Amino acid sequence: MNKFKTLLFLAVFGGIGLWGCDDSSSASSNGPDENAAVDSSSSICKDCEDESSSSSKKIESSDEKDVGTSSDAKSNSLSSSSRKNDASSSSKRDDSLSSSSSYIYHECENGATTTTIDRLCTVFFSCVDWMWTIDSTVCAEKPKEYPVMDSLFATEYEPVYSEFEDPRDHQVYKTTILHLRGSDGRLVDDVLIEVFAQNLNYGEMIDTSIKIHDDAKVEKYCDLNDEWFCNNGWGGRYTWSEAMALPAKYDSVLWKDTVGGDTRIHQGICPDKWHIMNAYEWKNFTSSAGEDLASKVNWKLNKRYVNSTGMSVLFQMKTYKENWGLATFHYPVERDPSWIFVEDLSENYAKHSSTAVKNGNYFYVRCVRDY
């Protein structure tokens, strides 16, 4: 009987020892208490300690059950996660390049250089203090497409043109004859004047950024700072004092009172025996219709019934392909120390004796032969 009990005791506790090392099954609710299992595992199965007794290993094992326990699944999971992180990182870098300056400013090595090309410009960078810094920008000059001038003097009304050579610089100008218009709007044939059919183009070109003038010489501005326009019908644009052949101080000081201003004869920078076209002459010898005075060059389409007076006025250029649709001419008269009277001409109208600020503006000049 005692022998039987002994065998039974060994069988039971031997089973506990074997259960403690079995990592392929979980503890049964019918087994011994938790303390007995731990004691049995630590004393009988020392080799199983790393696999079964660590709580961290149990947590890891539990996580693996959720995602799959095979090594391939785990490897795939890590690989997939890595690819996602790489893709995300790459995406961020790409976004940085295209939508912010963080990549440019922070991902360069001191002393490195690079260039970028944007249409006609090349930008040169160097890395200073780990930030890209622009060294220089070089832009190719845009091709200049000048207006075709074949129709400068074209008109359906065939005005009489003559030529005049300015003895000061030997430039040759076309001139035209304008007849007085009566109160009924009709031309008065026996009263006429000879007028430049082009804007005056006399003097030395200066850039529009230059505001300090030399009283010892005549200075002019050219449309788009390009002398081609001065030499092809547009002529020069002049400050008030320059056009009147006065010292520059008169751009902000009253020169004369306005009495008789509309009919004032003043040579200004016109050649000898010619004078600056005054308000009376603009009002009574031209027209209030803009198209009657404007050249066909101003329009891309071949407009008819324009330039009937032969004045062939060109609008001021906005770009090499576009104009402002307006030309402004000096009168030899002021309103006060700060304002002057001018002739404004557009496609639709000619405004006689409109006003403009004297200082800082520069307008065209037409010359009339003295009579």
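The values are calculated or read from the model by the stated rules, or taken from the named source; none is laboratory data. Being a predicted model, the structure only gives us computed values, none of them experimental. Every residue, glycine among them, receives a Cβ derived from its backbone with ideal geometry; neighbour counts consider all protein chains shown. These accessible areas exclude ligands, DNA and RNA; they are computed on the full protein's heavy atoms, side chains included. Shrake-Rupley method; radii C 1.70, N 1.55, O 1.52, S 1.80 Å.
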Exercise for review: Could you check residue 178 against (1) touching a residue at least 24 places away in the same chain (Cβ under 8 Å); (2) outside any loop (DSSP other than H, G, I, E, B); (3) under 42 Å from the mean Cα position of the chain (by Cα) and say which number it fails?
Suggested key: (3)
Review point. When you go through (1) out of contact with any Phe, Trp or Tyr (no Cβ under 6 Å at 6 or more places or on another chain); (2) part of a helix (DSSP H, G or I); (3) not aromatic (Phe, Trp, Tyr) one by one for residue 287, which number turns out not to apply?
Key: (2)
Study note, to complete from the structure: Every listed condition ((1) small (Gly, Ala, Ser); (2) open to solvent by 70 Å² or more (accessible area, probe 1.4 Å); (3) closer than 30 Å to residue 181 by Cβ) holds for residue 209 save (3)
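Go through region 123-170 and give me each residue that's over 30 Å from residue 304 (Cα atoms) and not in a strand (DSSP E or B). Lay out the reasoning, then the answer.
So the first thing to find is which residues in region 123-170 are over 30 Å from residue 304 (Cα atoms), and the list is 123-143, 165-170.
Of everything in region 123-170, those that are over 30 Å from residue 304 (Cα atoms) and not in a strand (DSSP E or B) turn out to be 129, 130, 140, 141, 142, 143, 166, 167, 168, 169, 170.
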Check your understanding: Has region 266-283 got at least one residue that is over 23 Å from residue 201 (Cβ atoms) and out of contact with any Asp or Glu (no Cβ under 7 Å at 6 or more places or on another chain)?
Key -> yes
Practice item. State which residue pairs qualify: first residue more than 13 Å from residue 296 (Cα to Cα) and inside region 309-323, second residue modelled with pLDDT under 90 and open to solvent by 50 Å² or more (accessible area, probe 1.4 Å) in any location, beta carbons under 6 Å apart, and separation of 6 or more residues or different chains. Key: 320/144; 320/145
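Matching residues to (1) among the hydrophobic types (A, V, I, L, M, F, W, C); (2) at positive phi:
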{"residue": "202", "(1), (2)": "no, no"}
{"residue": "209", "(1), (2)": "no, no"}
{"residue": "215", "(1), (2)": "no, no"}
{"residue": "224", "(1), (2)": "yes, yes"}
{"residue": "233", "(1), (2)": "no, yes"}
{"residue": "238", "(1), (2)": "no, no"}
{"residue": "241", "(1), (2)": "no, no"}
{"residue": "245", "(1), (2)": "yes, yes"}
Check your understanding: Looking at region 133-189, which of the residues that are modelled with pLDDT under 85 and among the hydroxyl-bearing types (Ser, Thr, Tyr) is surrounded by the fewest Cβ atoms within 10 Å (Cβ to Cβ)?
Key -> 183
Study note, to complete from the structure: Among 136, 162, 126, the single one that is among the polar types (S, T, N, Q), over 30 Å from residue 111 (Cα atoms) and out of contact with any Pro (no Cβ under 9 Å at 6 or more places or on another chain) is 162
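Only residues that are in contact (Cβ under 8 Å) with a residue 60 or more places away in the chain and either in a helix (DSSP H, G or I) or open to solvent by 30 Å² or more (accessible area, probe 1.4 Å) (or both): list them for region 290-307, please.
Within region 290-307, the subset in contact (Cβ under 8 Å) with a residue 60 or more places away in the chain is 290, 295-297, 302, 304-307.
Result: 290, 296, 297, 302, 304, 305.
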Study note, to complete from the structure: Residues in region 325-339 that are under 30 Å from residue 296 (Cβ atoms) and surrounded by 18 or more Cβ atoms within 10 Å (Cβ to Cβ) total 6
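Yes or no: residue 280 of a type in the set (Phe, Trp, Tyr), touching a residue at least 60 places away in the same chain (Cβ under 8 Å) and out of contact with any Cys (no Cβ under 8 Å at 6 or more places or on another chain)? Walk me through it before giving the result.
Working: of a type in the set (Phe, Trp, Tyr): yes; touching a residue at least 60 places away in the same chain (Cβ under 8 Å): no; out of contact with any Cys (no Cβ under 8 Å at 6 or more places or on another chain): yes.
Spelling it out, it is not the case that residue 280 is of a type in the set (Phe, Trp, Tyr), touching a residue at least 60 places away in the same chain (Cβ under 8 Å) and out of contact with any Cys (no Cβ under 8 Å at 6 or more places or on another chain).
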Exercise for review: Scan region 181-205 for residues that are in a strand (DSSP E or B), closer than 30 Å to residue 223 by Cβ and in contact (Cβ under 8 Å) with a residue 24 or more places away in the chain and report the count.
Suggested key: 5
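Could you check how many residues of region 350-360 are closer than 14 Å to residue 311 by Cα and surrounded by fewer than 18 Cβ atoms within 10 Å (Cβ to Cβ)? Let's see the steps before the verdict.
Quick first cut of region 350-360, residues closer than 14 Å to residue 311 by Cα only: 350.
Adding the requirement that they be surrounded by fewer than 18 Cβ atoms within 10 Å (Cβ to Cβ) leaves none.
Counting residues in region 350-360 that are closer than 14 Å to residue 311 by Cα and surrounded by fewer than 18 Cβ atoms within 10 Å (Cβ to Cβ) gives 0.
Scan region 361-371 residue by residue and report those that are open to solvent by 50 Å² or more (accessible area, probe 1.4 Å) and either free of Cβ contacts under 8 Å to residues at least 60 places away in the same chain or of a type in the set (Lys, Arg) (or both). Show your work before the answer.
Step one: filter region 361-371 for residues open to solvent by 50 Å² or more (accessible area, probe 1.4 Å), giving 361, 369-371.
Within region 361-371, 369 is the sole residue that qualifies.
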